[in-house]
1. Output the relative contact order of region 1-79, whole-number percent, from Cα pairs under 8 angstrom with separation of 6+ residues.
2. Return the calculated 222 nm mean residue ellipticity for the chain, to the nearest 500 deg cm²/dmol, obtained by summing -39500 (n - 2.57) across DSSP H runs with n ≥ 4 and dividing by the residue count.
3. Return the lysines within reach of residue 11: Cα separation strictly under 22 angstrom, same-chain partners fewer than 8 residues apart disregarded; answer none if there are no such residues.
4. So what is the diffusion coefficient of region 63-148 in µm² per second by Stokes-Einstein at 10 °C and 1.306 mPa s, using a Kirkwood Rh over Cα pairs?
5. Averaged over every viewing direction, what's the projected area of the C-alpha convex hull for region 105-150? Give it in nm², one decimal, please.
6. Tally Lys/Arg at +1 and Asp/Glu at -1 over every other residue whose Cβ is under 12 Å from the Cβ of residue 146; what's the total?
7. Which one, 45, 29, 92, is farthest towards the positive end of the dipole of region 1-98 when Lys and Arg carry +1 and Asp and Glu -1 on their Cβ?
8. Report, to the nearest whole %, how much of the accessible area of the chain belongs to carbon and sulfur atoms, 1.4 Å probe, protein only.
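The values are calculated or read from the model by the stated rules, or taken from the named source; none is laboratory data. What you see is a predicted model; the values in this text were computed from it and never measured. Neighbour counts are summed over all protein chains in view; Cβ atoms, including those assigned to glycine, are modelled from backbone coordinates with ideal geometry. Ligands, DNA and RNA are stripped out before the accessible areas are found, and what is left, the full protein with its side chains, is counted by its heavy atoms. Shrake-Rupley method; radii C 1.70, N 1.55, O 1.52, S 1.80 Å.
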Amino acid sequence: MEIERKFLISKLPENLDTYPFQLLEQAYLCTEPVVRVRRSDDTYTLTYKSKGLMSREEYNLPLTAESYEHLKKKADGNVIRKKRFRIPLPEGLTIELDVFDPPFGDLVLAEVEFTSEEQALAFLPPAWFGEEVTWSTEYHNSTLSKRQFS
């Protein structure tokens, strides 16, 4: 079960370059249900996600680089590329701060994952977080993969 809250970020933290990061590339084979392939540095994964906003089922299976590249070619829509920074929070929580590559302009999203819905609902975001978009599908990566650009 994935339990997370998601926020827009308009101003990056000043010390962002001090945190570890991964380069992610992901493509969507299907968006209902969500079936995604992802490269995270040198790790490749096939993911299934059920419907849901704050909470949903998520299953991950390993892929080889060759199978990832094969499946990526079959994806519909935009291939999403982003840099994900991991910023620690108290109580063992971590901010996953995604800075998107073009064509997504200056889109930056922060996600925080939780072990329970109670913990998620009690979370008070840092002051630098912007609008919460947890309850909207507009900023799901699967939705972004279908976004049209002129």
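1. About 31 percent, as a whole number.
2. Result for the chain: -2500 deg cm²/dmol, rounded to the nearest 500.
3. 82, 83
4. Rounded, D is 105 µm²/s.
5. 4.3 nm²
6. -2
7. The Cα lying farthest towards the positive end belongs to 29.
8. Carbon and sulfur together cover 53 percent of it.
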